[in-house]
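Notes to accompany the following structure.
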Amino acid sequence: AGMGWVCSKTKQFRGCQRMIERQRSPDHKKLVSLALDPEALVIGSEPLVCDGAVVGYVRRAETGEMRHWRECNLQMVASGHAIQKRIVYGYVGADISHSGDWAVMSGGQLLAAQVIQGSPYRSGHAAL
């Protein structure tokens with residue numbers, strides 16, 4: 001389910017060996033978070049495009065608001081109240097770079113997207 005990042009790297013637990021094997025397998029996928037224009041109509045299953053090639057599909061789309069944090073770094077905050085960005089999530093191959101030219105194909109159009117590095121939620125996992 002792409003949740004290996006929440007598992008301890010120093011403790012043994014049920015499924016630990018399987019998780020490590022899966023992360024090393026060639027078909028391993030990683031979760032990517034993208035920010036789109038708030039007007040973009042994306043509901044799920046749309047192709048994710050990186051450098052002109054389809055690399056995955058949208059698995060979830062939601063609205064969010066942009067907030068300023070330390071030193072004017074922008075960080076996405078998942079919330080449906082102040083809609084300023086559309087946030088989409090999808091799984092892509094582990095070999096796909098985050099630095100490419102990203103877009104989402106919706107309604108026959110390519111919608112420019114920006115990769116969100118790290119979590120799109122508030123720092124410190126504060127309650128929304």
Sort out which residues of region 14-48 are in a loop (DSSP other than H, G, I, E, B) and either open to solvent by 70 Å² or more (accessible area, probe 1.4 Å) or of a type in the set (D, E, K, R) (or both), and write them in order of number. Arg14, Pro26, Asp27, Asp37, Glu39, Leu41, Ile43, Ser45, Glu46
Long-range neighbours under 9 Å by Cβ, at least six apart or interchain, first residue among the hydroxyl-bearing types (Ser, Thr, Tyr) within region 98-111, second open to solvent by 80 Å² or more (accessible area, probe 1.4 Å): Ser106/Leu41; Ser106/Ile43
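Condition check ((1) of a type in the set (A, V, I, L, M, F, W, C); (2) modelled with pLDDT under 50) across all residues:
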| position | (1), (2) |
| --- | --- |
| Arg70 | no, yes |
| Lys85 | no, no |
| Gly108 | no, no |
| Gln114 | no, no |
| Pro120 | no, no |
| Ala126 | yes, yes |
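The values are calculated or read from the model by the stated rules, or taken from the named source; none is laboratory data. Note that the coordinates shown come from a computational prediction; the quantities given were computed from them, not determined experimentally. We place every Cβ from the backbone using ideal geometry, glycine too, and count neighbours over all the protein chains shown. Note: accessible area is taken over every heavy atom of the protein model, side chains too, but ligands, DNA and RNA are not part of it. Shrake-Rupley method; radii C 1.70, N 1.55, O 1.52, S 1.80 Å.
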